[in-house]
Structures are given as C-alpha cells and as structure tokens.
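Structure first, then comments.
The values are calculated or read from the model by the stated rules, or taken from the named source; none is laboratory data. Every value quoted in this text rests on a predicted model; they were computed, and no experiment measured them. So basically every Cβ, Gly included, is an ideal-geometry build from the backbone, and we count neighbours across all protein chains shown. Surface areas here come from the heavy atoms of the whole protein model, side chains and all, with no ligands, DNA or RNA. Shrake-Rupley method; radii C 1.70, N 1.55, O 1.52, S 1.80 Å.
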Amino acid sequence: MKFDVIIIGSGLAGLTAGIRLAEAGKSCAIISNGQSALHFSSGSLDLLTHLPDGSLVTQPKKALAALAELAPKHPYSRMGETQVSTLIEQAQALLSSTKGLEYQGNGDENHYRITPVGRSRMSWMSPKRVPTHGVDQALPWKKLAVVGIEGFLDFQPQFASNTLNEQGVESIPYHIHLPLLDRLRDNPSEFRAVNIARYLDKPENTKALAEELKKHIDDSVEAIILPACIGLDAEEPVMLLQQLVGKPICLLPTLPPSLLGIRLHQALKLRFQKAGGLIMPGDRAEQVDLVGNKVTGIHTRNHTDIPIRSEHVVLATGSFFNNGLIAEFDRVYEPLMELDLLETLPRNEWTQKNVFAKQPYMRFGVDTDSQLRPMKYGEVLENVYAVGAVLGGFDPLNEGCGAGVSMISALYAAQQILQHNKSEQTTSAVVEAAQ
Ligand SMILES: Cc1cc2nc3c(=O)[nH]c(=O)nc-3n(C[C@H](O)[C@H](O)[C@H](O)COP(=O)(O)OP(=O)(O)OC[C@H]3O[C@@H](n4cnc5c(N)ncnc54)[C@H](O)[C@@H]3O)c2cc1C
C-alpha cells in the first residue's frame, strides 16, 4: 500500500492534519490504535490560558511574543507568532465548516466555560451548548435549573448549583426520574453519558424527557443545564428538547466517556473520510524502516511483513496517556522511532510531591526543528512531522494549550508537506524546461 501521507494516530492532531491534506488532494491513511484524548475531554478546546510563569492570558494571539521569550521551545514559539496567528484562524474555520459541529469563541479573546462543578474555566472554543461568559462578564441568566438524572453518578447537580449560587446566579438543583432509563439503571457500569444519549436521542424519549423537565420548573427559570447525555450524533435531539421545553438547554461535560468530545471526534473523522481519507482502525504502527534520515515504510500490527509506504509521515501518537510516550521506572522514550526528547530531567525531578503543583514531566516530549520535523540522534528526520501531544516543550494543563497545540501544529505540518510538494513540482518543471 502506498499513500502520499501516512498519519499515525487519530486524535485531534491526526484528524486535523488528515482533513487539511486530504482536502488538498493528498492520498492519506490514518493508522489508528484506538480512542484518543477527545473521548475523555470536555469538548472545549484550549489555546493558551497561562504563560509558563503563571500569568493569566486573556488574549492568546497577543501573548505569543511573551511566550516565545519565556519558552522558545514551546511548539507555538517554534512555529512563530505570525504562522500561529494565521493557523488559529484556519483551525476556527475548519471547526465552523465541519458538519455537525457548532462552536463559539475565537483566538483574539478567551472566554470562560462552566465546568461540571459550576466553576468558570478559561477556554478558546466551546460547543455552543456549553454555558460560557466573556472574560469580564457574568452568565447571561439570573436564575437557572441544574438537572441531574437519578442513578447517573457522573454528574452531580448540587456541586454545580452550589458554585453557581456562590457566584450570584440563582440556581436550583434537582434530579429527574426517567423510567425509560431503568434498563440502564439496573447495571451501574452501563449507566454512562453515551449510553443514556442512545435512549434520549430517540424523539419519543426526548418528549418524555421534556415532560419530566417541565414538571420541575416555573416561568422564573431562564435556562436549564443538563449533563451532556443527549445529542450524541447530531444537534437535532437537543433542538427538539429546547423547543418542547420552551427554554434554552445548556449542556455540561460529564466524566468520560464524554459525549461532547466524542461528537467532535466523530464529526472530524467523517469529514476526513468524506475527503477520501482512509482510517485503519484498531491497527498499530509497530516499527518503521529508516533509510538514511527518511522513513521508507511502516509496519503495523495488521501489516507486519509488507510495510505501508508513503512520501511523508505525520506522527500524532499523543503523550503518555495514549502511549505516544512511555515512562518506565528510570527512562522516558518515544516508542516507535526512539526520537530525541526535550526537557527530560533526572528521575527524581520528574514530579513534584504536591499533586496540584506543575508536574515537570508534562513538558517532556519529542524534539523538532522549526518545521516540526523530529530529531533522532541530533539529526532531523526529513520526511516525518511530529504534531500534537507527542511534542515536548509545553504543559497542556498549566498553560491551557492542549487542543490549540494539537490543531495548530497539525495544520502547520500539513502546510509544510503541501509546500514541499509544490516546491518539488516547481523544481522538476524548471529542470524539464531546461532540458
Ligand atoms: C484525559 C485528557 C483530557 C483532556 N481534555 C482536554 C480538554 O478538555 N481541552 C483541551 O484543550 N485539551 C485537553 N486535553 C489535552 C489533549 O492532549 C489535547 O487536547 C488533544 O486532544 C491531544 O490530541 P492528540 O491527537 O495530540 O493526541 P491523542 O488524543 O492522545 O491521540 C493520539 C492517538 O494516537 C494513537 N496512537 C498512539 N500510538 C499509536 C501507534 N503506535 N499506532 C497507531 N496509533 C497510535 C492513540 O491510540 C490515539 O488515538 C486532554 C488530555 C487528556 C489526556
């Protein structure tokens, strides 16, 4: 099998690169080992909420210069302020033009989204159904209902409600009982957001949910907050619910599996496939053939003998969470190509005792040149690009930049690949003309 580009990993980074390349006419395959961080995420996307010195960032684009001073090896600093600013716009355009997704927010100014415990947390782009407010603004409602589902332990309305009350938004918590979910309730391990949505997304059940919600609210309630257990594949069931209840319906992310993250994953995957991209699900890249500084073939779990070949390779395997990086007792490594890593430290400095403190290991990751081509024994691999959480030099949690790094680095790598091919075509045209 031969492709223009093979992408290893189908998380946010792999899919973003795949969409850009496939829509530009490249033949692309994604080798995908399994679920990505999106299945566990809030569905909101962070671009940059803090600088490495801890200072708050409300306007990400304007903070890129300060970030470059403080963290020259941060992926944004490697790509450069101008490129990152342009690619932020591209990432936003990609999301807004993807069928089935409706996002709010932009890179000029962060917003606050409401978390499952009712706190305000800064972010870049959030699903439109998630309640948000501007940096110096309050939520647009004075009185809310926060609704839990009896027996569903992954969302506790009291927590969210208490915090919202402390912030001056009158908020009433209550639980609804839906007999139609009894079959799930019998088995607590099945009583999860995604399984609930499979029931609530059926129009007849959406109607039953609306009836139950209406029993508990009066005219003074301006909006209803529910755990994200409805609208798994599309927005229609939530729109129907809103129409039946007659009040805005907002959704909060739940514990994983997270419907809002899965919906993003599904929509991007469909867009990639629609552009002609091939996904090899349940397969795993296990070994690469290297000739000089180029990868010439990839052996996978399902294709052990005959390697898959491509002109370019995008490494989007994620961080420790998805085994894109591996930590053993006394060493950290990148398992597929044993690439050089950044910012690694002696074993006793990997972590801090206080679990809430910044953890130094979060910054470990693959080292690259300014084109995001990874290094091996100090030399650049010429036809490989590393993107997303596998990269080193940033702390997605404390700098609030996880999804931003994934999308922006993926678009940047795709751009390098497209430009590379263009310049090759120009060179061969010049050679042909000269002959
Ligand atoms: C639990 C969790 C929650 C998060 N929540 C948020 C959030 O709400 N907002 C936010 O902005 N950021 C969040 N982040 C940060 C997150 O890292 C990024 O947002 C982003 O989703 C990472 O995408 P990625 O594609 O780089 O990596 P991943 O999502 O980790 O995807 C890597 C993919 O590569 C596959 N893979 C690995 N090795 C191989 C191999 N050898 N062969 C084939 N496939 C392979 C994995 O199976 C996986 O599918 C979260 C991170 C974690 C871990």
Cut-off of 10 Å, at most 14 other beta carbons, DSSP loop: longest stretch of the chain lacking such GluC sites (Glu not before Pro): 151-327
Modelled label reach - Ile326, point 7 Å along Cα→Cβ, the range 282-305 residues with backbone N closer than 16 Å: 284-288, 299-301
Gyration tensor (Cα) of the range 309-363, equivalent ellipsoid semi-axes in angstrom: 26, 12, 9
In nm, spacing of pseudo-spin labels at Thr98 and Gln352 (7 Å Cα→C-beta vector): 3.3 nm
Rg and Dmax of the range 131-252, Cα atoms only, in Å: 14.2, 45
Cα long-axis angle, helix 12-23 against the chain (0 to 90 degrees, to the nearest 10): 70 degrees
Prolate/oblate/rounded call for the range 274-323, Cα gyration tensor, a/c under 1.5 rounded: rounded
³J(HN,Hα) computed for each position of the range 395-404 - Karplus, 6.51 cos²θ - 1.76 cosθ + 1.60, integer Hz, glycine/proline x: 10, x, 6, 7, 9, x, 9, x, 5, x
The chain, dipole about Cα centre (Lys/Arg Cβ +1, Asp/Glu Cβ -1), debye to the nearest 20: 540 debye
Proximal lysines to Lys294, defined as alpha-carbon separation beneath 23 angstrom and excluding residues fewer than eight positions away on the same chain: Lys2, Lys26, Lys376, Lys422
Selection from Thr304, His265, Cys229, by position along the positive dipole direction of the range 201-319 (Cβ): Thr304
Contour excess over end-to-end distance, with Cα ends at Thr86 and Gln243 and 0.36 nm allotted per residue: 52.7 nm
Carbon + sulfur, % of accessible area of the chain - ligands and nucleic acids excluded, 1.4 Å: 51 percent
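Using only the Cα atoms, work out Rg/Rh for the chain, with Rh taken as the Kirkwood radius, to two decimals. Can you show the working numbers first?
On the way: Rg = 23.1 Å, Rh = 23.0 Å.
Ratio of gyration radius to Kirkwood radius: 1.00.
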Assigned charges on the beta-carbon of Lys, Arg, Asp, Glu; the range 1-129 dipole about Cα centre (debye): 320 debye
The chain - percent relative contact order, Cα under 8 Å, separation 6 or more: 23 percent
Area of Thr86 that stays accessible when all protein chains are in place (1.4 Å probe, Å², to 10): 80 Å²
Computed helical MRE - 222 nm, the chain, DSSP H runs ≥ 4 contributing -39500 (n - 2.57), nearest 500: -10000 deg cm²/dmol
